[in-house]
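**Student:** Structure provided below as structure tokens; questions to follow.
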Amino acid sequence: MIAPLSSRSLGLGLRPQHYQDILAKAPAVDFFEVLSENYMNTGGRPLQMLDRIAERHPLVLHGVSMNVAGTDRLDRGYLRELSALARRCRAIAISDHLSWSAVDGVHLHDLLPIPYTERALRHVAARVDAIQDELGCPLVLENPSTYVQLGDAEFGEAEFLAALVERTGCQLLVDVNNVFVSGHNHGFDPEAWLRAIPWRNVRWFHLAGHTVLPTHRLDTHDQPVCDEVVELHALAQRLSGGRPTVLERDDAIPPLPELVAELHRVAGPSRLQGVAS
């Protein structure tokens, strides 16, 4: 029997480099986050490994290709395949990003920012409603890191997300590193951002590392989590009353024991004093 997630559950992004260690060594991880597109339109070893890991650990799906805020027609074939993958691995939830990533059928391989306006809110809400109808479950949306802001904003990002939740019933994945990176890049207060979020709709947190450049911070997922993000995560846990946390690493990936040790160091129980059970 696979145990359900609790508010203190700790997860890792599932990466192929770690398949064998996960199956052989039973790491001290409560669940794994699966990059959806890595297991769609494929077969062979990736799906075999996913099937075996799903027998032992709870999974959540996390994608980058839904184009939630785009203007192209929704790719319903993609959504049907995503739903089939979720059923196959008994995923607890399906997530993607509040961004656009394709135009005129061309995928740009980036998570691009949207205008925080009433018009954009109506557009995104209609697409989220359609996505949720197709998937048959609430969509979990992540706040991306951004490097430019579009003019004529009528909301802050956190307020936009809160309004979107109110209109659609979708849920949120709060990426604490992205809050910190975007706050630095655009000059807003990450703590104020966290205080504006509707916590009842937040499913889990992300933690990751980023790169400090002369003009901005870049969300690279190839560094350890910095101390400022660790402290911001502790605040998010206090404000939320406790949520599961996933550590992401996408480049310069260390051995599994090192990542598990970092996960427990930055998000384990010793970091969460004062968080309600």
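Values in this text are rule-based calculations from the coordinates and carry no lab data. All values derive from a computational prediction rather than experimental measurement. Don't worry about glycine lacking a Cβ; one is built from the backbone with ideal geometry, like all the others, and counts go over all protein chains shown.
**Student:** Just want the ordering: ASP96, ASP250, ASP189, from fewest to most Cβ atoms lying within 10 Å of their own Cβ.
**Tutor:** ASP189, ASP250, ASP96
**Student:** Then there's this: Give the residues of region 128-145 whose amide nitrogen is closer than 20 Å to a point set 7 Å from the Cα of ARG76 in the direction of its Cβ.
**Tutor:** Under 20 Å, as judged by backbone N against the label point of ARG76, lie 128-139 of region 128-145.
**Student:** Dimensions of the chain along principal axes (Cα, Å, largest first)?
**Tutor:** Largest first, the chain extends 53, 42, 37 Å along its Cα principal axes.
**Student:** Among LEU172, LEU150, rank each residue by its count of other Cβ atoms within 10 Å, from fewest to most, as a rough exposure measure.
**Tutor:** Numbers: LEU172 27, LEU150 13.
Exposure proxy ranking, most exposed first: LEU150, LEU172.
**Student:** Rounded to the nearest 20 Debye, what is the dipole magnitude of the chain about its Cα centre when Lys and Arg each give +1 and Asp and Glu each give -1 at the C-beta?
**Tutor:** Working: 25 positive and 35 negative charges, 207 e Å.
Roughly 1000 debye, rounded to the nearest 20.
**Student:** Also, I was wondering about something else. Give me the number: length gained by fully extending ARG90 to ASN38, i.e. 0.36 nm times residue separation minus the C-alpha to C-alpha distance, one decimal in nm. Mind dumping the intermediate values first?
**Tutor:** Numbers: separation 52, 0.36 × 52 = 18.72 nm, distance 1.63 nm.
Working it through step by step, the gained length comes to 17.1 nm.
**Student:** Would you mind counting up the charge near LEU98? Only other residues with Cβ under 12 Å from its Cβ, with Lys and Arg at +1 and Asp and Glu at -1.
**Tutor:** On the way: positive: ARG127; negative: ASP96, GLU142, GLU157, ASP175.
My count for the surroundings of LEU98 gives -3.
**Student:** Taking 7 Å along the Cα-to-C-beta vector as the label spot, tell me the LYS25-GLU159 distance in nanometres, rounded to one decimal.
**Tutor:** Rounded to a tenth, the inter-label distance reads 4.8 nm.
**Student:** Further, regarding this structure: Working out 0.36 nm times the residue gap between GLU191 and ASP222, then minus their Cα-Cα distance, what length gain in nm do you get to one decimal? The partial results should precede the final answer.
**Tutor:** Working: separation 31, 0.36 × 31 = 11.16 nm, distance 2.42 nm.
Contour length minus the Cα-Cα distance gives 8.7 nm.
**Student:** Would you kindly state how much longer the chain becomes between HIS123 and ARG238 on full extension, computed as 0.36 nm times their sequence separation minus their alpha carbon distance, in nm to one decimal?
**Tutor:** Details: separation 115, 0.36 × 115 = 41.40 nm, distance 3.30 nm.
Extending this stretch completely gives an extra 38.1 nm.
**Student:** Additional query: Give the percent of DSSP beta bridges with both residues in the chain that are antiparallel, rounded to the nearest 5. Working shown, then result.
**Tutor:** Working: 5 of 31 bridges.
So the antiparallel bridges amount to about 15 percent of the total.
**Student:** Nearest 5 is fine: what % of DSSP beta bridges in region 37-186 come out antiparallel, could you say? List each step's numbers first, then the result.
**Tutor:** On the way: 3 of 12 bridges.
Here the antiparallel bridges make up roughly 25 percent for region 37-186.
**Student:** Which net charge results when you count Lys and Arg as +1 and Asp and Glu as -1 among the other residues whose beta-carbon is under 15 Å from that of ALA54?
**Tutor:** Working: positive: ARG45, ARG52, ARG56, ARG87, ARG88, ARG90; negative: ASP30, GLU33, ASP51, GLU55.
Residues near ALA54 contribute +2 overall.
**Student:** In nanometres, what is the gap between the two model label sites at ASP110 and ASP51, each 7 Å from Cα along Cα-to-Cβ?
**Tutor:** 3.9 nm
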